[in-house]
Amino acid sequence: MQTANVDLSITVTGRHIEVTEAIRDYARKKIESLHLDYPRIIEAKVILDVQSPLRQFAEIVLFCANHITIEASSTSEVLYAAIDETISKIARRMRKHKTRLLKNHRPRSGSIRHMDEQVFHSESIDDHEKEELEPLIIHRENYRIRPLYPDEAITELEMGDRGFLVFQNQKTHQLSIVFRRPDGDYGMMELPQGPALT
């Protein structure tokens with residue numbers, strides 16, 4: 001069992017805040033105290049942000065073995081509390097991943113679910129009540145596309161905060177998107193290669 005994260009690369013950075021040695025040590029000790037045997041942590045990044053005097057933000061991204069990335073974030077009035085809450089979310093997601101891994105190794109006796117088809121007519125949708133809002137980009141970030149199998153992509157999606165994941169499908173070698181459906185299941189789209197159709 002992984003009882004300590006030895007020689008773990010932990011980077012603590014701040015936005016709108018100067019990260020003191022006390023805060024840096026606190027974040028490091030919290031990550032090093034994650035005593036779980038799977039997945040094994042290779043690298044950790046902590047981003048701290050003081051958005052306002054009563055809004056302290058903490059985000060933690062763990063890069064683990066087997067191409068697993070676990071991320072979580074929290075907001076609190078106190079920065080230390082935001083770090084604690086984020087660590088709790090990370091630990092829950094790690095446990096969830098391990099449970100899912102164990103379930104996948106059990107013999108499957110599941111059945112195929114059939115869903116009734118439903119057709120909605122355009123008359124049933126009231127377009128007058130819809131407000132037209134101008135879309136606004138409030139946050140821009142880099143997105144790393146990695147080669148994964150579909151089940152690995154679903155696992156990463158379950159452990160992250162995003163509603164979708166873009167990845168290079170290891171089975172078909174195509175760019176694919178896996179996403180959460182409103183009914184709780186997952187959907188997957190494969191993006192066609194070559195020039196776009198007109």
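Give me the pairs: first residue in segment 167-191 and assigned to a loop (DSSP other than H, G, I, E, B), second residue among the hydroxyl-bearing types (Ser, Thr, Tyr), beta-carbon distance under 9 Å, and six or more apart or on different chains, which are they?
Taking only residues 6 or more apart or on different chains, the pairs are Gln170/Tyr149; Lys171/Tyr149; Leu191/Ser176.
Does Thr155 satisfy being among the polar types (S, T, N, Q), outside any loop (DSSP other than H, G, I, E, B), modelled with pLDDT of 65 or more and more than 30 Å from Gln51 (Cα to Cα)?
Against the criterion (among the polar types (S, T, N, Q), outside any loop (DSSP other than H, G, I, E, B), modelled with pLDDT of 65 or more and more than 30 Å from Gln51 (Cα to Cα)), Thr155 qualifies.
Can you work out which of the residues in segment 25-58 that are farther than 20 Å from Ser9 by Cα and either at pLDDT below 85 or of a type outside the set (Asp, Glu) (or both) is surrounded by the fewest Cβ atoms within 10 Å (Cβ to Cβ)? Reasoning before the result, please.
As a first pass, look at segment 25-58 and keep what is farther than 20 Å from Ser9 by Cα: 49-57.
From the residues that got through so far, the ones that are either at pLDDT below 85 or of a type outside the set (Asp, Glu) (or both) too are 50-57.
Working: Val50: 16, Gln51: 12, Ser52: 9, Pro53: 7, Leu54: 10, Arg55: 12, Gln56: 21, Phe57: 20.
Selected residue: Pro53.
Taking segment 7-22 as the search range and keeping residues that are touching a strand residue (DSSP E or B) at 6+ places or on another chain (Cβ under 8 Å) and under 15 Å from Tyr80 (Cα atoms), which one is surrounded by the fewest Cβ atoms within 10 Å (Cβ to Cβ)?
If we take residues in segment 7-22 being touching a strand residue (DSSP E or B) at 6+ places or on another chain (Cβ under 8 Å) and under 15 Å from Tyr80 (Cα atoms), then Thr13 is surrounded by the fewest Cβ atoms within 10 Å (Cβ to Cβ).
Could you list all residues from segment 45-77 that are more than 15 Å from the chain's Cα centre (by Cα) and without any contact (Cβ under 8 Å) to a residue 24 or more places away in the chain?
Within segment 45-77, Ser52, Pro53, Leu54, Arg55, Ser76, Glu77 qualify.
Considering only residues that are within 20 Å of Tyr26 (Cβ to Cβ) and assigned to a strand (DSSP E or B), which ones fall in segment 48-68?
Matches in segment 48-68: Leu48, Asp49, Val50, Gln51, Arg55, Gln56, Phe57, Ala58, Glu59, Ile60, Val61, Leu62.
On the basis of being at pLDDT 80 or above and of a type in the set (A, V, I, L, M), does Val119 make the cut? So that I can check it myself, show each step before the final result.
Numbers: at pLDDT 80 or above: no; of a type in the set (A, V, I, L, M): yes.
Considered against the rule, which asks whether it is at pLDDT 80 or above and of a type in the set (A, V, I, L, M), Val119 comes out as no.
Would segment 74-96 turn up any residue that is modelled with pLDDT under 85 and either assigned to a loop (DSSP other than H, G, I, E, B) or under 14 Å from Ala27 (Cα atoms) (or both)?
No, the conditions are met nowhere in segment 74-96.
The values are calculated or read from the model by the stated rules, or taken from the named source; none is laboratory data. This is a predicted model, so every value here is computed, not measured. Heads up, the Cβs are rebuilt from the backbone with ideal geometry, glycines too, and the neighbour counts pull from every protein chain shown.
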